[in-house]
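Worksheet: the structure to be examined is printed underneath.
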Ligand SMILES: *Cc1c(COP(=O)(O)O)cnc(C)c1O
């Protein structure tokens with residue numbers, strides 16, 4: 001496919017402006033000597049170019065997208081409509097609080113819902129990603145220990161199955177990461193935890209269900225062990241899809257948590273953002289929360305608002321309220337689901353994952369052959385041994401069936417891992433189609449492994465040199481080498 005620069009023809013224009021009849025008034029300003037070399041194309045050529053580009057990309061709107069640990073779910077158009085309303089897009093964060101009470105109402109209502117969902121007492125909407133939420137939560141934990149004169153606590157306990165952002169956030173917050181071992185069921189080894197929790201422990205970071213799709217049933221004991229050692233418990237809420245409306249982190253011993261609004265709460269999260277990773281915490285941590293908060297004035301004068309800082313705030317994590325329009329989408333999503341719809345979401349997510357797992361496990365070996373939560377992990381080590389077909393090959397073969405690959409080679413504790421998350425919004429027909437695709441790939445592998453290794457055959461490009469693309473991306477058009 002041609003680049004937009006290759007389609008350029010000198011003099012082609014999109015629209016015709018009348019000759020300028022205003023006297024030029026910037027003579028003293030340094031002006032560029034030559035006009036910028038922008039591509040020159042007509043409007044319909046531009047339109048076709050971007051439509052063709054969009055067709056070459058694979059997104060949620062094109063078909064099943066079972067990326068695990070990412071919760072790629074339906075992004076209702078209604079949410080987009082609401083987030084595009086001028087009352088939300090046309091305001092400025094420095095406007096007096098009483099002129100943006102609609103936006104404040106969105107924040108207040110969403111905070112109320114998220115407190116109910118998490119079992120926590122306060123929420124900050126500043127963090128712009130789950131990972132930034134983790135970092136924020138860890139800074140709250142650090143501020144808490146320092147205020148109690150226990151700043152020497154410098155270790156964060158993190159299971160070996162954790163998402164990579166967990167140890168990264170802990171390191172960024174200045175902590176030493178102590179890895180916890182998973183047992184053969186994919187749960188935390190309690191003996192190992194007891195040995196590692198102690199006077200150096202600042203806290204524990206955990207996602208439950210974890211990244212292998214297993215709900216750790218020892219969770220209350222785990223959080224109690226950490227609390228008894230004087231540490232706090234951080235819940236990585238990225239996997240909330242499995243338990244939302246059913247289990248509340250605040251009820252199972254967690255002190256602070258983040259939620260990924262761009263995962264569990266239906267905001268699109270392609271291309272790395274924008275995201276929203278609000279942090280919810282128990283009241284004893286609230287005095288350290290970041291950012292400003294709009295609060296109503298004296299009782300009886302609900303029109304007088306003011307912005308306040310928390311007493312011992314850790315400072316700003318982003319500007320103002322983070323990515324506000326994502327909050328609008330999340331609120332809209334919760335309002336459309338309602339009180340009964342939220343737990344139903346979790347039930348369907350878990351049902352879909354177990355349905356697919358049950359229909360595949362006779363031929364695809366599962367890393368943990370037990371009831372899973374919202375996602376399951378295959379261990380394709382034996383495929384690799386017998387037929388030299390890797391998890392990557394299976395993922396590539398799925399592309400020929402119009403299916404986006406699942407998460408590959410994660411979590412790290414499972415060799416040749418493929419992690420499948422069929423969200424609650426997928427229909428039974430879609431799941432059956434995906435199951436048929438997996439089974440067809442298996443048969444192809446048994447008959448002719450080379451065919452599977454040569455996939456994809458139907459995509460605009462075949463197998464790419466992903467390392468070079470990531471390390472040495474070519475992002476500039478060089479105009480055929482001419483300066
Ligand atoms: C996605 C994810 C994160 C990080 O969230 P981002 O918004 O991508 O920064 C953390 N933990 C788990 C388990 C995740 O799936």
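Miscellaneous remarks
- Kirkwood radius for the stretch 192-283, taken over all pairs of different Cα atoms as the inverse mean of 1/r, rounds to 14.0 Å.
- Relative contact order for the chain, counting Cα pairs under 8 Å that sit 6 or more residues apart, in percent: 18 percent
- Stretchable slack from residue 361 to residue 382, in nm (0.36 nm times residue separation minus alpha-carbon distance): 6.2 nm
- Residues 204, 140, 464 arranged by fewest to most Cβ contacts within 10 Å: 464, 140, 204
- 20 °C / 1.002 mPa s Stokes-Einstein diffusion coefficient of the chain, Kirkwood radius on C-alpha pairs, µm²/s: 85 µm²/s
- Three-way shape call for the stretch 54-199 based on the alpha-carbon gyration tensor, with the a/c threshold at 1.5: oblate
- Cα-Cα separations in the stretch 307-410 greater than 25 Å, expressed as whole percent: 50 percent
- CD proxy at 222 nm, helix term only [per DSSP H run n ≥ 4: -39500 (n - 2.57); per residue of the chain; nearest 500]: -11000 deg cm²/dmol
- Highest-first arrangement of 451-459, 418-426, 230-238, where packing means the average Cβ count within 10 Å: 230-238, 418-426, 451-459
- Put simply, when 392-400, 287-295, 407-415 are sorted by average Cβ atoms within 10 angstrom per residue, most first, you get 392-400, 287-295, 407-415.
- When peptides 54-65, 113-124 are sorted by average Cβ neighbour count within 10 Å, with the highest value leading, the order is 113-124, 54-65.
- By the compact-protein rule of thumb, 2.2 N^0.38 Å, the alpha-carbon radius of gyration of the stretch 389-449 corresponds to a ratio of 1.15.
- Additional length obtainable on full extension of the chain from residue 217 to residue 339, 0.36 nm per residue less Cα span: 41.4 nm
- Inter-part distance, the stretch 1-58 to the stretch 74-109, computed on C-alpha centroids, equals 33 Å.
- Rg over Rh, two decimals, the stretch 1-42 (C-alpha only, Kirkwood Rh): 1.10
- Cβ crowding within 10 Å ranks 22, 279, 446 as 22, 446, 279, fewest other Cβ atoms first.
- Cα-based equivalent ellipsoid, the stretch 353-456: semi-axes from gyration tensor eigenvalues, Å: 20, 16, 12
- Whole-Å distance, taken between Cα centres, linking the stretch 332-380 and the stretch 281-296: 35 Å
- Between residue 20 and residue 46, the distance separating the two model label sites (each 7 Å from Cα on the Cα→Cβ line) works out to 1.9 nm.
Read-outs throughout are calculated quantities, based only on the coordinates presented, and are distinct from any laboratory measurement. Treat the numbers as computed from the prediction; the structure is a model and nothing was measured. Heads up, the Cβs are rebuilt from the backbone with ideal geometry, glycines too, and the neighbour counts pull from every protein chain shown.
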